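Have a look at the structure below, then the notes.
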Amino acid sequence: MVLLVPRLQLLYRSYLTSLTIPKMATNGDAVNGHKDDLSTLSNGVALTDRLRVRPTLTNGAGGDEKFTFSKEPTLEEVRRLQAEFTDERDWNQFHQPRNLLLALVGEVGEVSELFQWRGEVAEGLPGWTDSEREHLGQELSDVLIYLVELAEKCHVDLPQAVLRKMALNRLKYPASKVQGSSKKYTEYKD
Ligand SMILES: [Mg+2]
């Protein structure tokens, strides 16, 4: 437990520099908000460079490189960090499930804006600048943070719910039956 505290503090500092929730569901000016927060917290150091999203690549079974996530933070750590963030600001009075859902949808819209008018985008986002990748990482993080908090406030144990849902998906879409097809499960015949 003692060792856990410094690690959580480090995670929390990283979290603060990457989060955009100046007000509940009103972070439409996300880019400017981030710049202000980052310049304040970085004390003149180019923190945006250190925080820039970089892909993690590992060797896949076939020898080709595959993208993977870092092992931390876990969803529970994200939940805990966000709970601390809202508690410190007395924002729980605003963070009821419906408000969180609306905030989540708003953040999905902000992700959509980054893809809008580009045409199809290939895996790995070839041609995107570091700044665009960083912005995408921030908006995807906003989505995840609100999703985790929504699940918390609805008392849905999200990691376990994901496992159950994926088991259901496997039953609905047996690999032997749906190989290479994008049909909905109701369209398959035995
Ligand atoms: Mg945002």
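The values are calculated or read from the model by the stated rules, or taken from the named source; none is laboratory data. Because the structure is a prediction, the values reported are computed rather than measured. For neighbour counting, all protein chains shown are included, and Cβ atoms are generated from backbone atoms with ideal geometry for every residue, glycine included.
What are the residues in region 67-80 that are surrounded by 12 or more Cβ atoms within 10 Å (Cβ to Cβ) and more than 19 Å from H155 (Cβ to Cβ), if any? Of everything in region 67-80, just one residue is surrounded by 12 or more Cβ atoms within 10 Å (Cβ to Cβ) and more than 19 Å from H155 (Cβ to Cβ), namely P73.
For region 105-129, filtering for residues that are at positive phi and either within 10 Å of the ligand (Cβ to nearest atom) or touching a residue at least 12 places away in the same chain (Cβ under 8 Å) (or both) leaves 1.
Farther than 22 Å from R80 by Cβ and either in a helix (DSSP H, G or I) or modelled with pLDDT under 95 (or both): is that true of E113 in this structure? Answer is yes for this residue. The conditions of being within 15 Å of the ligand (Cβ to nearest atom) and modelled with pLDDT under 95 are met by L38.
Here's the yes/no breakdown for (1) in a helix (DSSP H, G or I); (2) without any contact (Cβ under 8 Å) to a residue 40 or more places away in the chain; (3) surrounded by fewer than 16 Cβ atoms within 10 Å (Cβ to Cβ):
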site: L136; (1), (2), (3): yes, no, no
site: E139; (1), (2), (3): yes, no, no
site: L147; (1), (2), (3): yes, no, no
site: L150; (1), (2), (3): yes, no, no
site: V156; (1), (2), (3): no, yes, yes
site: A161; (1), (2), (3): yes, yes, yes
site: K165; (1), (2), (3): yes, yes, yes
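Residues in region 167-190 that are assigned to a helix (DSSP H, G or I) and within 30 Å of E76 (Cβ to Cβ): A167, L168, N169, R170, L171, K172. Checking every residue in region 77-99 against the condition of being in contact with a helix residue (DSSP H, G or I) (Cβ under 7 Å, 6 or more places away or on another chain), of a type outside the set (S, T, Y) and free of Cβ contacts under 8 Å to residues at least 12 places away in the same chain gives at least one match.
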